[in-house]
1. Excluding LEU18 itself, what net charge comes from residues whose Cβ is under 9 Å from its Cβ, given Lys and Arg +1 and Asp and Glu -1?
2. Anything in the chain that counts as a DSSP H helix reaching 20 Å or more along its axis (C-alpha) with Kyte-Doolittle mean of at least 0.5? List them, would you?
3. Kindly state, to the nearest 0.05, the FRET efficiency for ILE367 paired with LEU330, given R0 = 45 Å and r defined as their beta-carbon distance.
4. What do you get for chymotrypsin sites (Phe, Trp or Tyr not before Pro) in segment 247-294 restricted to DSSP loop and a cutoff of at most 14 other Cβ within 10 Å of the site's Cβ?
5. Which order do the peptides 91-100, 227-236, 189-198 take when ranked by the mean count of other beta-carbon atoms within 10 Å per residue, highest first?
6. What longest range of the chain stays clear of loop-exposed GluC sites (Glu not before Pro) (DSSP non-H/G/I/E/B, at most 14 other C-beta within 10 angstrom)?
7. Would you list ASP55, ASP258, ASP146, ASP48 from fewest to most Cβ contacts within 10 Å?
8. If you place +1 on the Cβ of every Lys and Arg and -1 on the Cβ of every Asp and Glu, how big does the dipole about the Cα centre of the chain come out, in debye to the nearest 20?
Amino acid sequence: MPSLAANKIRVLHVVPVLEVGGIEKGLIDAFAFMDRDRFQLDFLVERDIDTPLADTARKMGCNIIPVGPFKHLHSFAPAFIKTARQYNTVHAHTYLFSGLIMVLARVAGVRQRIAHIHSNIPYKPDHLAAFYRGVLKGCIKSCATDIIAVSRIATAVLYGQERNAGGALTIQPMGVDFSKFHESFNAGDTLASLGIKPDEQIVVNVSRFTTAKNHEYIIDVFDHMVKQLGFQGRLLLIGDGALRPFIADKVEALGLKDVVIFAGTRYDCHNILRALNGVFVFPSLFEGLGLAAVEAQAAGLPIIVSEHVPEEARISDKACMMIPLADGALAWAAAVDARMKAPMLDRAAVLREVEQNKINIKNFVRIISDLYLGANNDMVRKNKH
């Protein structure tokens, strides 16, 4: 059990594991801007694995507390309650499972209980599963003191099309640290690490290999570009996940193995995007927000997204184009090919436009800091004396 400072507001973030993903990376980026003399920010996870993200968290003073699989309720519930009792705030990032987290945090006597909704996942009709989801939604609404959603689309998981969800709801994207897009770097070395030449045209996607990210569609689009439109460049897929072997098999079956790069997990995605000559594609089936698309715009790349990417992530009219998935992979291929042949964007101008948006990480840091302070203001007053 970690030793916690009594003079700080103690916040326990609940995520399954600290590995590269939009949520986890966004939290670590935010923590770098938070007042660590005022807040103790820790993670409760299923398992503690050795990743650069976890190392960064530890260097910032975060404790990482593994409690085993969340689904093993007989062991998870008592372990969670025992840990949570030491904290002023529990902040859960576990989608609808946050309903159970909110109940357990309430049992543990935690003053502030935040459910953070990052996605709006469509489900197939299933009466039993629908009942289960309904119970968890009810637990979030009744036991959370605060609810944060990363976009209006993400609120629909709890409230449908309602707009009057009450004062407990805050809509705020997690945010991007745009300062890193101003840092100097060696573009040639970055590309060389991927085996890419500086003048090579690249179609790129950054995401986990999950159903939501629609990698099959990306491969279909790229296949049309190569075989029907004569595209001479390559496809770069950055990320990892359970579906990667399946996608790799499809690439090989289509004879595209030599022109598709599986880069795996990378911690320098912002520099890769800045270095590339290409187009970012994001044909997601559903998205809570889509920070990867925001980062691609900040890097000055033209991006093409599906209708399921929220408007909050489609910031720059100069950079962003939306094409419905129903238009088909060939229409997407033609659009990507046309963008590839168009003049390059003024990257500095697009970055200036994007960093004025509310998705700037400093807005997110201000909002969650105010939430934590507001719920624990008696402690804040006490520590001033």
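A short reminder: the numbers here are calculations on the coordinates, not readings from a lab. Note that this is a predicted model, so its numbers are computed, not measured. FYI the Cβ positions are ideal-geometry reconstructions off the backbone, even for glycines, and counts take in every protein chain you see.
1. -3
2. Span-like helices in the chain: 127-143, 361-375.
3. 0.60
4. TYR267
5. 91-100, 227-236, 189-198
6. 1-161
7. ASP258, ASP55, ASP48, ASP146
8. 1460
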